[in-house]
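Colleague: I am attaching a structure below and will ask some questions about it afterwards.
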Ligand SMILES: Cc1cc2nc3c(=O)[nH]c(=O)nc-3n(C[C@H](O)[C@H](O)[C@H](O)COP(=O)(O)OP(=O)(O)OC[C@H]3O[C@@H](n4cnc5c(N)ncnc54)[C@H](O)[C@@H]3O)c2cc1C
């Protein structure tokens, strides 16, 4: 059977710039967005049996896809798998639910703990994989358990401590897990206070981050003892441009797409910054953004 007979919604030669927040990148040979966990499992079984390489994506807000695109399949766990349910002080959310939505629902139910995440544009699956965080809190602080498929496609429920959370990392990548969903443990709070804190964080983001231009948030991880953005600023790289890619004027830790950037422009700017910062300060900047496809 052909792939599109088995999975009628599969797309071929899908432009990845339509799916990642940088709005750049070439085509994915195969692109599939499952609408059920069963369909996800069937699809992964098919690609494995046919030796087709595959990657998982959520909302594409922490990815740079190369101009050559992606050979094999991209599996997007997005809006079709995004249910959110509130049970007492907990929220059960599927992998494709967007953090903003989950935090809005938490606020509407007077649940506190997730305010920090309300401006992170990722999915639950991506945020758990990355242990996304802001304002001194991370996903690990609110997660009780995580539902995953392991590399043999076996369903598992992992407790917080089994997820090996670290700074912008978790056991997901190391073990090739697919995150299906999670149970978040929050606390009863005051609705007005929760909303006020979310608004304060939102205002801080809008004043400090270039939200009006495509980006993937902070490009680099925070090097120990430093701030990437501050080093980049001190090196005089604020506003530096390669093609359509620019070190944000507003926040030096961000690279923005001025409109006509290619993935190559962004990659070359990343390399330039890394080299410059290493030569000047002896600090190695590691990318937080995931590089997908061929770059050199
Ligand atoms: C304007 C802006 C602001 C941002 N601010 C922050 C911030 O404050 N803090 C922060 O930590 N990040 C921030 N980010 C980065 C990004 O939003 C987070 O890293 C987010 O958690 C990524 O989620 P995603 O669904 O977009 O993941 P994607 O970019 O789609 O994927 C990221 C990684 O997770 C993997 N992945 C995604 N879903 C799954 C799944 N279900 N199962 C297994 N693996 C999966 C992918 O394979 C990839 O390796 C920001 C980004 C932007 C554009």
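Colleague: What about residue 12, is it surrounded by fewer than 17 Cβ atoms within 10 Å (Cβ to Cβ) and at pLDDT 95 or above?
Modeller: Numbers: surrounded by fewer than 17 Cβ atoms within 10 Å (Cβ to Cβ): yes; at pLDDT 95 or above: yes.
When the stated conditions are applied, residue 12 passes them.
Colleague: Scan segment 23-47 residue by residue and report those that are part of a helix (DSSP H, G or I) and either free of Cβ contacts under 8 Å to residues at least 12 places away in the same chain or away from the ligand (no atom under 14 Å from the Cβ) (or both).
Modeller: Taking segment 23-47 first, the residues part of a helix (DSSP H, G or I) are 37-47.
If the condition is that a residue be part of a helix (DSSP H, G or I) and either free of Cβ contacts under 8 Å to residues at least 12 places away in the same chain or away from the ligand (no atom under 14 Å from the Cβ) (or both), then 38, 39, 42, 45, 46, 47 are the ones that fit.
Colleague: Shifting gears a bit: List the number of the failed condition for residue 120; all other conditions in (1) outside any loop (DSSP other than H, G, I, E, B); (2) farther than 27 Å from residue 45 by Cβ; (3) within 8 Å of the ligand (Cβ to nearest atom) hold.
Modeller: (1)
Colleague: Next up: Does residue 20 qualify as being surrounded by fewer than 17 Cβ atoms within 10 Å (Cβ to Cβ), within 13 Å of the ligand (Cβ to nearest atom), under 18 Å from the mean Cα position of the chain (by Cα) and not in a helix (DSSP H, G or I)?
Modeller: Numbers: surrounded by fewer than 17 Cβ atoms within 10 Å (Cβ to Cβ): no; within 13 Å of the ligand (Cβ to nearest atom): yes; under 18 Å from the mean Cα position of the chain (by Cα): yes; not in a helix (DSSP H, G or I): yes.
Criteria not met by residue 20.
Colleague: Identify, please: which residue in segment 253-284 is in contact (Cβ under 8 Å) with a residue 40 or more places away in the chain, closer than 18 Å to residue 222 by Cα and within 16 Å of the ligand (Cβ to nearest atom) and is, among those, surrounded by the fewest Cβ atoms within 10 Å (Cβ to Cβ)?
Modeller: 270
Colleague: Further, regarding this structure: Looking for something under 18 Å from residue 97 (Cβ atoms), assigned to a helix (DSSP H, G or I), more than 7 Å from the ligand (Cβ to nearest atom) and touching a helix residue (DSSP H, G or I) at 6+ places or on another chain (Cβ under 7 Å) - is there at least one such residue anywhere in segment 142-154? Before you say what the answer is, go through the steps one by one.
Modeller: Looking only at segment 142-154, we keep the residues that are under 18 Å from residue 97 (Cβ atoms), and these are 142-149.
Narrowing the set further to residues that are assigned to a helix (DSSP H, G or I) leaves none.
No, because not a single residue in segment 142-154 is under 18 Å from residue 97 (Cβ atoms), assigned to a helix (DSSP H, G or I), more than 7 Å from the ligand (Cβ to nearest atom) and touching a helix residue (DSSP H, G or I) at 6+ places or on another chain (Cβ under 7 Å).
Colleague: For segment 182-213, what are the residues that are free of Cβ contacts under 8 Å to residues at least 60 places away in the same chain and over 30 Å from residue 255 (Cβ atoms)?
Modeller: Matches in segment 182-213: 192, 196.
Colleague: Now for a different question. What about residue 249, is it more than 20 Å from residue 167 (Cβ to Cβ) and loosely packed, with under 15 Cβ neighbours inside 10 Å? Please lay out each step first, then the result.
Modeller: Values: more than 20 Å from residue 167 (Cβ to Cβ): yes; loosely packed, with under 15 Cβ neighbours inside 10 Å: yes.
Criteria met by residue 249.
Colleague: Within the group 86, 74, which residue is surrounded by 15 or more Cβ atoms within 10 Å (Cβ to Cβ), away from the ligand (no atom under 16 Å from the Cβ) and assigned to a strand (DSSP E or B)?
Modeller: Values: 74 fails: away from the ligand (no atom under 16 Å from the Cβ).
Exactly one of 86, 74 is surrounded by 15 or more Cβ atoms within 10 Å (Cβ to Cβ), away from the ligand (no atom under 16 Å from the Cβ) and assigned to a strand (DSSP E or B), namely 86.
Colleague: If you check every pair at least six apart or on different chains, which have Cβ atoms under 8 Å apart with a residue in segment 115-128 that is closer than 13 Å to residue 79 by Cβ first and a residue that is within 6 Å of the ligand (Cβ to nearest atom) and not in a loop (DSSP other than H, G, I, E, B) second?
Modeller: Note: pairs meeting the criteria are 124/179; 125/56; 125/178; 125/179.
Colleague: How about segment 163-249: which helices (runs of 4 or more DSSP H) wholly inside it have at least 2 residues that are closer than 19 Å to residue 123 by Cα and within 13 Å of the ligand (Cβ to nearest atom)? Write out each step before concluding.
Modeller: Working: elements: 171-175, 191-208, 228-234.
Here the list reads 171-175, 191-208.
Colleague: Okay, moving on. Give the residue, chosen from 114, 100, that is surrounded by 21 or more Cβ atoms within 10 Å (Cβ to Cβ) and at negative phi.
Modeller: 114
Colleague: Please go through segment 48-67 and pick out each residue that is more than 6 Å from the ligand (Cβ to nearest atom) and part of a loop (DSSP other than H, G, I, E, B). Give the derivation first.
Modeller: To start, the set of residues in segment 48-67 that are more than 6 Å from the ligand (Cβ to nearest atom) comprises 48-54, 64-67.
50, 51, 52, 53, 66, 67 - these are the residues of segment 48-67 that are more than 6 Å from the ligand (Cβ to nearest atom) and part of a loop (DSSP other than H, G, I, E, B).
Colleague: Follow-up question, since we're still on this one. Only one of 127, 93, 106 is surrounded by 23 or more Cβ atoms within 10 Å (Cβ to Cβ), under 20 Å from the mean Cα position of the chain (by Cα) and more than 10 Å from the ligand (Cβ to nearest atom). Can you tell me which? Don't jump to the end; show me each part of the working.
Modeller: Details: 127 fails: more than 10 Å from the ligand (Cβ to nearest atom); 106 fails: under 20 Å from the mean Cα position of the chain (by Cα).
Being surrounded by 23 or more Cβ atoms within 10 Å (Cβ to Cβ), under 20 Å from the mean Cα position of the chain (by Cα) and more than 10 Å from the ligand (Cβ to nearest atom) holds for just one of 127, 93, 106, which is 93.
The values are calculated or read from the model by the stated rules, or taken from the named source; none is laboratory data. A quick note: this is a predicted structure, and the numbers were derived from the prediction, not measured. Neighbour counts are summed over all protein chains in view; Cβ atoms, including those assigned to glycine, are modelled from backbone coordinates with ideal geometry.
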